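Everything below concerns the one structure shown next.
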Amino acid sequence: MTQKILVLPGDGIGKEIVAEAIKVIDTLKSNFGLDVEITNGDIGGAAYDAAGHPYPPATQVLAKEADAILLGAVGGYEYEELPRDLRPERGLLGIRADLQLFSNLRPAILNEELADASSLRPEIVAGLDMMIVRELTGGIYFGEPRGIRTLENGERQGYNTLIYKESEIERIAHSAFQIAMKRGKRLCSVDKANVLEVMELWHEVIDRVAKEYPEVEVSHMYVDNASMQLVKDPKQFDVMVTGNMFGDILSDTAAMLTGSIGMLPSASLDANGKGMYEPIHGSAPDIAGKNIANPLATIMSVSMMLRYSLDKAELADKIDAAVEAVLKQGLRTADIYVESEGLKKISTSEMGDAVVAALKG
């Protein structure tokens with residue numbers, strides 16, 4: 001049966017990197033029998049320009065009809081003066097909430113060929129392979145009340161609410177434990193239970209759910225310590241589970257351990273495995289249109305899509321192998337390039353073409 005993919009290029013470098021991922025999908029269709037139908041839509045600033053809203057009704061309909069969604073990036077300097085509810089980022093938050101994409105999977109894997117591109121010594125990061133599971137539809141990014149108010153003395157005050165229900169913690173815990181069971185059976189839960197009541201509840205619920213997964217070794221770590229440990233000894237972690245804001249920060253830290261934020265894909269899943277797939281980096285408006293952005297994270301997001309939502313693990317393996325082959329050839333976009341014999345700096349489109357060539361063998 002034909003499966004439906006909704007493609008949302010978004011803003012900035014989104015169109016460039018998604019175009020390279022589409023080359024890969026088209027190759028899988030023509031050479032390996034992938035049966036998918038691609039529909040295009042708008043989100044973020046592009047959607048605001050076209051329809052006056054970052055997550056317009058037309059996109060909402062397409063998103064609900066799709067089996068999986070491929071997203072580029074959202075945001076741009078030109079939208080910073082818009083009312084908050086019309087800024088591109090609200091489109092991203094909106095689609096996550098609308099589709100209940102509560103489980104965000106962010107792998108941090110260091111390709112052997114990129115060990116020298118990491119800011120840490122190779123012996124610290126070589127062989128890194130961890131997964132951060134971030135709760136995505138709750139926490140302080142969605143909590144109410146929120147806003148900016150004027151106090152009685154005339155001073156303005158901004159406020160947000162960090163809030164989690166037991167059911168929200170339980171479902172992300174189950175997601176993380178299930179992933180841990182498929183990996184090294186080690187799970188570290190990151191919180192700030194020493195000062196935040198909501199994190200006390202988080203800690204308690206994690207321990208309760210852990211009883212259903214006796215094979216998984218569970219540990220707890222405060223977020224400030226976790227951030228230090230990611231830099232000091234990242235290979236101690238296998239699966240890390242945490243809330244929305246902490247996961248946002250820690251996953252970007254983990255990304256830089258791998259040499260570039262342009263190398264890491266992500267998946268955001270609902271309870272049934274339907275997902276939205278995107279690189280973890282932003283829209284990078286400063287380099288948009290220059291054909292220098294790294295498309296590999298977006299291409300590997302297609303791999304995650306095939307693996308987690310479309311049940312095509314064998315095709316996902318082909319993409320992963322093609323990316324590995326390209327890196328072994330010494331091909332690098334600017335963000336992962338270092339002056340070294342045997343390495344060649346190439347453009348966004350050239351990297352996409354190289355992956356396609358490796359796929360075809």
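The values are calculated or read from the model by the stated rules, or taken from the named source; none is laboratory data. What you see is a predicted model, and the numbers here were worked out from it, not measured in a lab. Every residue, glycine as well, gets a Cβ built from its backbone with ideal geometry; the counts of neighbours run over all protein chains shown. Just so you know, the surface numbers come from the protein's heavy atoms only, side chains and all, with ligands and any DNA or RNA stripped out. Shrake-Rupley method; radii C 1.70, N 1.55, O 1.52, S 1.80 Å.
Points to keep in mind about this one:
- Using the Karplus relation 6.51 cos²θ - 1.76 cosθ + 1.60 with θ = phi - 60°, the per-residue 3J(HN,Hα) values for region 171-188 come to 6, 6, 5, 4, 4, 5, 5, 5, 5, 4, 5, 8, 10, x, 6, 10, 10, 10 Hz, with x marking Gly and Pro.
- Cβ-based charge dipole, the chain, positive-most Cα from Ala334, His281, Phe32: Phe32
- Shown in residue order for region 12-29 are the 3J(HN,Hα) couplings computed by the Karplus curve 6.51 cos²θ - 1.76 cosθ + 1.60 at θ = phi - 60°: x, 6, x, 5, 5, 6, 5, 4, 6, 5, 5, 4, 5, 4, 4, 5, 5, 5 Hz (x for Gly and Pro).
- Computed extension gain for Gln236 through Glu123, at 0.36 nm per residue and net of the alpha carbon distance, reaches 39.4 nm.
- The GluC sites (Glu not before Pro) found in region 22-122 that occupy coil by DSSP, while having at most 11 further C-beta atoms within 10 Å, are Glu80, Glu81.
- Entry comment: accessible area of the chain is 44 Å² per residue, from protein heavy atoms only and a probe of 1.4 Å.
- Net +/- balance of residues flanking Ile287 in space, Cβ distance below 11 Å, scoring K and R +1, D and E -1: -2
- Among the GluC sites (Glu not before Pro) in region 285-361, those located in a DSSP loop and surrounded by at most 16 other Cβ atoms within 10 Å of their own Cβ are Glu339, Glu341.
- The largest accessible area among Ile69, Ile140 belongs to the first residue in Ile140, Ile69, and the rest follow in falling order (1.4 Å probe, all chains).
- Distance in nm between pseudo-label sites at Glu37 and Val338 (7 Å out along the Cβ direction from Cα): 4.8
- Shape category assigned to region 148-247 from the gyration tensor of Cα positions, a/c cut at 1.5: prolate
- Estimated from helices alone, the mean residue ellipticity of the chain at 222 nm is -12500 deg cm²/dmol (sum of -39500 (n - 2.57) over DSSP H runs with n ≥ 4, per residue).
- Inter-part distance, region 109-155 to region 241-287, computed on C-alpha centroids, equals 8 Å.
- Taking label points 7 Å from Cα along the Cα-to-Cβ direction, Lys4 and Glu152 give a separation of 5.6 nm.
- Across the chain, Cα-Cα pairs farther apart than 37 Å form 18% of the total.
- Count, lysine Cα pairs under 17 Å in region 269-361, 8 or more residues apart or across chains: 7
- Nearby aspartates and glutamates by direct alpha-carbon distance to Lys185 (threshold 16 angstrom, same-chain neighbours under 8 apart not counted): Asp129, Asp207, Glu212, Glu215, Glu217, Asp238
- Pairwise centroid distance, computed over Cα atoms, of region 314-350 with region 1-72, Å: 24
- Only Lys, Arg, Asp and Glu carry charge here, each on its Cβ (+1 for the first two, -1 for the last two); on that basis the chain has a dipole of about 400 debye about its Cα centre.
- The lysines whose alpha-carbon is closer than 24 Å to the alpha-carbon of Lys192, local same-chain residues fewer than 8 away aside, are Lys165, Lys211, Lys232, Lys235.
- Segment Asp26..Ala58, full-extension length gain: 9.0 nm, with 0.36 nm per residue of separation and the alpha-carbon distance subtracted.
- Take the Cα of Asn272, step 7 Å toward its Cβ, do the same at Asp353, and the gap between the two points is 4.2 nm.
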